[in-house]
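So the structure is just underneath, and the comments pick up after that.
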Amino acid sequence: MSASSSQALEYLELLPRQTHTKLYEQPSTVLAIFRCMLPHLAKSLVMAMLYMPSSLSAQDLDTWFRPTARSDKDKSISILEQLHIVVLKQDASRQNSYELSKGFARALRQALEGSGSHRSFGVPSSETDPDKVTVAFLDEFAQGQWENILFYMVGSTVGLSSSNALGRDVGEGTKALLRLGEFVKSTHARVSITRAGFTFVLQETSAQVWSLLIVYLKHADQLGMSETDVLSFLFMLGSLELGQDYTISTLSATQLQMLEDLYAFGIIYRSNEKAKTFYPTRLAVTLTSDAGMLSTSSTLRNKAISNEVSHRSAPNTGFIIVETNYRLYAYTDSLLQISILSLFTKLTTRFPNLVSGKLTKESITRAVKLGISSAQILSYLTSHAHPQMQKNNPYLPPTVMDQIRLWEYEGERVETTNGFLMKDFPSDAEYRDLAAYAESLGVLIWRNDARRMCFVDRVDQISSYLKKKSQK
Amino acid sequence: MNAIDGTDRQIKTDNSPPPSLLAIVLDTNPHAWAHLSSTLPLRNALANILVFINAHLASGNANEVVVIAAHSHRAVFLYPTPKTPTPRNNSNGNGNGAANGDVDMNETGAGSMEDGGPKDVSISDNPNKYRPFAVVESAILQNFAALLDATTPAHLAATPTTLIGGALSLALSYIAKSTLLRSPLDSVVDNPLSALADSETLHTKRESLTSRILIVSVSGDLANQYIPVMNSIFAAQRKRIPIDILKLAGDTVLLQQASDATGGVYMKPDRPEGLLQYLMMAFLPDTTARRSLVMPSAGGVDFRAACFCHRNVVDIGYVCSVCLSIFCTSDLPSNLCLTCGSYLSLRSAQTNPPALVPRKKKKKKRAGGADSTTPGGSTPAGSGTPMHS
């Protein structure tokens, strides 16, 4: 599981059981969820249970895991339960046993065996397209569309208008979506980026795509689309083949409606609005895998190379060098990257393929005031570190990392977390048990053993745990 | 302020497991499968293994698979498809299995690293199948059919065994190559020396590829390949590549040692019918997942070795004192070691019973003065010692 799919996972976890059941009807969806959403151990668990004739008793499960891996096991099981993939059953003799949900198991088997007639992995167009587009063209298209969106968000804040830089303007639908997702806010017809927007811009491309799509999903109902249809279509896109055209004849009404929006995002390409086929771009096929994603313009020059490299082993290209004296050099000529950098750097010089500047207290505190956190800056610098920097561990000089944090902490010294306080435990044993469970789930934020209190940021799994315990 | 103590500098918590390469060595010995056909026909076994491969590919986005058939007269890649058609090898089983593997590797080496084999393999565009799965499956089935077509009755009559040794070395060399290609720094390709120079930082930093080998074995009588197989096992042990064994039929001596030495999984199911469940439960978890799971292993391992002269498994044998080769008999041709050519003679050992040398009576120790005879008395401290005693 990676950073980009984890937010998709969070979204999925919150869906009700009915939606899950409906989603699991499509083998492509099930396979995509299995491939990218589940933690590693959970995958082993699901696969072990997939062809098991009977259910797996909780006791057997315990013996299968090493005692040291207890917390990992709890985490995997709880995610599987949240997604309604695994069901806990109690038989007549009050023995707990786990079982895969029927629909999920059936669909996953179909996906693995290639059986059934669900046609969920996309139907390639039967007739050959006279003007077939190349993969390079698709890449360029996707990159162009996506950078347009980013530049729309960043450009106005930095003071560059989007129209003079990249030519094409962002569609009204996309603009509305960005506002709905609170990535930008418009005051007096001037668009300015929000804190959430910064988080968005500084993420990696695949994470950005998911963030935007999740906003899209959340508002699918308002647009009269079925959420399940939207989700299965997205997961299907993730399992398509780059450079292949697919027919639209098998798509549902909702999915046809989506095509236009996805075209605006650069996720799919259609030659015109009446076309009977569509091409998934690299943004689409990497929805469910992180390997070989489309890197933003920093690699425009390397594009010829990166296209040839198979999508599994795309090189990790970065362009930023940070020195211990806070100087920053970025090998880029992209206006987008320069404007992102200028959000938190004092840029001094610009050369044809290089900009240089300095991270100063002033520039960092200005960024913090705009709503960018130091962690975001650091993760941006880390994920775009030059290959030469990647030889170091950590990539960035520790002094610079610490100082950036210190500058931020000067302004704000309190960190807040929303959550739940658990207190008034009847016994110390009960308190310790619960606190240990919360810790193993990774939801424990704070604990005070003397006062038997702990603070968790998510309570649903804990409450089901307590319920289970009280039944015993 | 306490939060800044440098402990959480590593922002990128990259907890996604490294990609895993699974090398499957499929024993395709026709004799053994014919024997098994009543319980588990080859067709079913292959179908189950294909599902297992799909499950492996689904378990990680960057997971890779390589399938090698260990046939009766040759070992050959089933997936990825070798670029150039492999010419017939005339090795007939009793020769050196490893040498056979070397030949294959050289020919396939250039093309084998390509993803998914040649593009001109026609894959039916089946909308019910995830495309990467379909690519792998069709390649394996095609190559397997080609292998079976190329097998003539003469090959079958020549030998009853399987070239596990050759297949193992093919798998190991493929893994070694993939690992090299996966190593993170670009400079490796440009300048291998620079990679050597900072190899230490390289290894500690990123775990590039975890590999394992799964041998699905049906035939016994591997003793005639004792040396090549053992060499492969030691190579795997050194590279920390676990060798998993699924033994569907046949005797177990050598392969048990393989899984034991490399820390792999060993299973010999009593009933081979539930093949898929065995594969899914015991063999699917990769090295990362195995850290938290209890994996089945061989209980009592048979550590017996095969002799170098007749390839018999021996309990007690004769060992060359120079090169440690094992022989089941003492009368070697002209008393020379078959491996290193040293002169070995057992005549003295056999004719003369070990003589009991009577223990010499010890001389009585001189009390006190004994220490003063030791050298080094020149130093003042040393000379002072006997005075005090």
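The values are calculated or read from the model by the stated rules, or taken from the named source; none is laboratory data. All of these numbers come straight from a predicted model, not from anything done at the bench. Positions of Cβ are backbone-derived with ideal geometry, glycine not excepted, and every protein chain shown enters the neighbour counts. Ligands, DNA and RNA are excluded from the accessible area calculation, which covers all protein heavy atoms including side chains. Shrake-Rupley method; radii C 1.70, N 1.55, O 1.52, S 1.80 Å.
Global dimensions of segment A:320-411 from alpha-carbon coordinates: Rg and Dmax equal 12.3, 37 Å. Under 5 Å from the amide H of A:LEU354 lie the amide H atoms of A:THR332, each residue being 5 or more positions distant or on a separate chain, with H modelled from the backbone and absent for Pro and chain starts. For A:SER117 and B:VAL319, the FRET efficiency from 1/(1 + (r/R0)^6), where r spans their Cβ atoms and R0 equals 51 Å, is about 0.20.
Calculated accessible area for segment A:320-411 comes out at 40 Å² per residue, all protein chains present (probe 1.4 Å; ligands, DNA, RNA ignored).
Scalar couplings 3J(HN,Hα) for segment B:53-68, obtained by applying the Karplus form with A = 6.51, B = -1.76, C = 1.60 to θ = phi - 60°, are 4, 4, 4, 5, 5, 6, 6, x, 5, 9, 5, 10, 9, 9, 10, 10 Hz; x denotes Gly and Pro. Between B:ARG311 and B:PHE234, the C-beta separation translates, for a Förster distance of 30 Å, into a calculated FRET efficiency of about 0.95.
In segment B:270-338, the ratio of gyration radius to Kirkwood radius, Rg to Rh, stands at 1.26 when only Cα atoms are counted. Among A:277-286, B:41-50, sorting by the average number of other beta carbon atoms lying within 10 angstrom of each residue, highest first, gives A:277-286, B:41-50. Here r is the Cβ-Cβ distance between A:ASP60 and B:SER330 and R0 is 56 Å; the resulting FRET efficiency, rounded to 0.05, is 0.60. In order along segment B:158-167, the Karplus-derived 3J(HN,Hα) couplings, from 6.51 cos²θ - 1.76 cosθ + 1.60 at θ = phi - 60°, round to 5, 8, x, 9, 10, 8, 5, x, x, 5 Hz, and Gly and Pro are given as x.
Rolling a 1.4 Å probe over the protein heavy atoms gives segment A:420-471 an accessible area of 59 Å² per residue. Inter-chain Cβ neighbour count for B:52-62, averaged per residue, equals 6 (cutoff 10 Å, partner chain atoms only).
Interface A-B: total buried accessible area of about 4900 Å², 1.4 Å probe, protein heavy atoms only. Taking amide H atoms as placed 1.01 Å from N in the peptide plane, the amide H of B:LEU21 lies under 5 Å from those of B:GLU64, B:THR210, B:SER211, B:ARG212, each 5 or more residues away in sequence or on another chain. Of the listed residues A:LYS369, B:LYS247, the order by accessible area with a 1.4 Å probe, largest first, is A:LYS369, B:LYS247. For chain A, with all protein chains in place and a probe radius of 1.4 Å, 50% of the accessible heavy-atom surface sits on carbon or sulfur. Looking at segment A:135-285, the pairs of alpha carbons with a distance over 21 Å make up 44% of the total.
Between amide H atoms placed 1.01 Å from N, distances below 5 Å from B:TYR266 occur with B:ILE245, B:SER297, B:ALA298, all of them 5 or more places distant or on a separate chain. Coupling constants for segment A:351-363 follow from the phi torsions by the Karplus curve (6.51 cos²θ - 1.76 cosθ + 1.60, θ = phi - 60°), and in residue order they are 10, x, 10, 8, 10, 10, x, 9, 8, 10, 4, 4, 5 Hz; glycine and proline get x. In this simple spin-label approximation, A:ASP457 and A:ASN96 carry label points 7 Å from Cα along the Cα→Cβ vector, and these lie 2.6 nm apart. Note on segment A:420-471: Kirkwood hydrodynamic radius from all Cα pairs is 10.9 Å, rounded to one decimal.
With the gyration tensor restricted to C-alpha atoms of segment A:3-113, the semi-axes of the equivalent ellipsoid amount to 22, 17, 13 Å, longest first. Per atom type, segment B:21-75 shows carbon and sulfur on 55% of its accessible surface, probed at 1.4 Å. The heavy atoms of A:LYS467 present about 130 square angstrom of accessible area, all protein chains included, probe 1.4 Å. Ligands, DNA and RNA left out, the 1.4 Å accessible surface of segment B:225-348 is 53% carbon and sulfur atoms. Based on Cα atoms of chain A, Rg over Rh with Rh as the Kirkwood radius reads 0.99.
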